[in-house]
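These notes are about the structure you will find just below.
The values are calculated or read from the model by the stated rules, or taken from the named source; none is laboratory data. For clarity, every value in this text was computed on a predicted model and none was experimentally measured. Neighbour counts run over all protein chains shown; Cβ positions are idealised from the backbone, glycine included. Just so you know, the surface numbers come from the protein's heavy atoms only, side chains and all, with ligands and any DNA or RNA stripped out. Shrake-Rupley method; radii C 1.70, N 1.55, O 1.52, S 1.80 Å.
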Amino acid sequence: MVYIDLESTDVYENFGLEYYLAEEKKLEDTVFLFWRTTPTLMLGKYQNLAEEVNLPYAREQKMNLVRRMSGGGTIYTDLGGWQFTFIDRYKEEGIEFKKYLSPVLDALAKLSVKAEFNGRNDLCIEGRKFSGNAQYHLGESIVHHGSLLFSTDIEKMVNSTRVDEYKIISKSIQSVRERVCNISDHLKEKISPEDFKELMVSAILGEENKANRLELSKEEILRVKELAKTHFQNWDSLYGKNPKFNMEKIGRFPGGKMHFSLEIQKGKIQEASISGDFFSTLDPEEISKAFVGLAFDRDSLLKGLTERGLEGKLYRISVSEIADMLA
Amino acid sequence: MKKEIVIPKLRPEMQEAVVCAWLKEVGDPVKKGEPIFEIETDKVVTQVESGFEGTLVEQCCEEGDTVGVLEKVALIEETA
């Protein structure tokens, strides 16, 4: 096993590194990473941002939004939690989780934490989840990554993934909500997240792998930053990759109620029908038409609806109120 | 001759998968070993490759559809 000590807390770069190791570097040996992020919401590959994330809250808290290349549901990560990654050669053995999770369970056992698998390849303590795991297979590589809640802000996690109730019809993968816990609450002795990392990394590497560390060259680091931009930190990978969906949402504004019925495909509004008891100098068809073709994110809606002259045309309803409410 | 590409069984308990994305469109040439579509099952995203060289002639399901293990997803007209 090869270990790369990853100091970066930039989620885009860390996903870029996983991708680089899996798709370009392709080491024969298993690579192991242990890392963390500033506050971030990570979506599963085929999830819909609008269905999973409380976007106004995430904006207010300045949380990163990123789409993973692996499956499963949305998770919240911060500097109180850790992510671990194993990158391996894919050997036609099919899906294998225990191979990567057993060393993590053994390492936790050394800290006297009694953890177990649940049916979804997550790890639990007394029935509460503290680790979610997912994988992607890319060519000859397999990337297994998992999260560890150590002293994560659970309140922020709950708030950022609590989505207003409105109707969305889609075929996207839905998150499974489970009760969670932090590992630090189950430790006899209180330790810092940094100490926890040291103990986990030593236990997982074991004596035989301790010295087997890899440093990336300057060129490689630049390549990783480039992959972060092209694969993870851009509009298309976050919004453009939302599976097609239909959204029914009612906005309650000082000027009245607006009912939105939108079809969104590849991150853009394909069809829109807007009705309600608000007053406008425009007819409903003209208002609906103003939405069609716009990218479905807050900033694009704000810019597009303003450019299309909607501002001031709806009595006591501003374009920014609409953009804030929709996306 | 038309050849079927099916949902692979990636582990003994696997029953079905979601076909999440088409990587090739009808009419596209396909090489042996090239990925044609992506599936998600048990939080794992896998690309399914063609075992044949030819042309993709049919996508048998839409993105987001759940398809059973070993059921047909794509048809390839094999190059002789």
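The table below gives the values:
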read-out	value
Over 20 Å (Cα to Cα) - which of A:91/B:2; A:244/B:24; A:25/A:241; A:114/A:197; A:98/A:188; A:167/A:257 fall in this group	A:91/B:2; A:25/A:241; A:98/A:188
Residue-by-residue Karplus 3J(HN,Hα) for the range A:185-200, coefficients 6.51, -1.76, 1.60, Hz, glycine and proline x	6, 10, 9, 5, 9, 6, 10, 7, x, 5, 5, 4, 4, 4, 5, 5
Cα-centred dipole magnitude for the protein assembly as shown, charges only on beta-carbon of K, R (+1) and D, E (-1), debye, nearest 20	720 debye
Within 10 Å of each Cβ in A:134-142, the average number of Cβ atoms from other chains	4
5 angstrom amide H check on residue B:30, placed H, neighbours 5+ away	B:54, B:55, B:56
Cα centroid separation, the range A:201-227 to the range A:262-321 (Å)	48 Å
Whole-number percent relative contact order across chain A, with pairs defined as alpha carbons under 8 Å at least 6 apart	18 percent
Percent accessible area from carbon and sulfur atoms, the protein assembly as shown, protein chains only, probe 1.4 Å	49 percent
Surface accessible to a 1.4 Å probe, residue A:52 within the full protein complex, Å²	0 Å²
For the protein assembly as shown: rounded, prolate or oblate by the Cα gyration tensor [a/c cutoff 1.5]	oblate
Karplus (6.51, -1.76, 1.60) ³J(HN,Hα), θ = phi - 60°, over the range A:36-49, in Hz, Gly and Pro reported as x	9, 9, 5, x, 8, 10, 9, 8, x, 4, 10, 9, 9, 3
Cβ-Cβ FRET estimate between residue A:191 and residue A:324, R0 fixed at 45 Å, reported to 0.05	0.60
Amide H within-cut-off set for residue A:36, under 5 Å, with H built and near neighbours excluded	A:83
Phi-based couplings in Hz for the range A:17-31 (Karplus 6.51, -1.76, 1.60; Gly and Pro marked x)	5, 4, 5, 4, 5, 6, 9, 10, 6, 6, 5, 5, 6, 6, 9
Residue order for B:70, A:310, A:214 - accessible surface, 1.4 angstrom probe, largest first	B:70, A:214, A:310
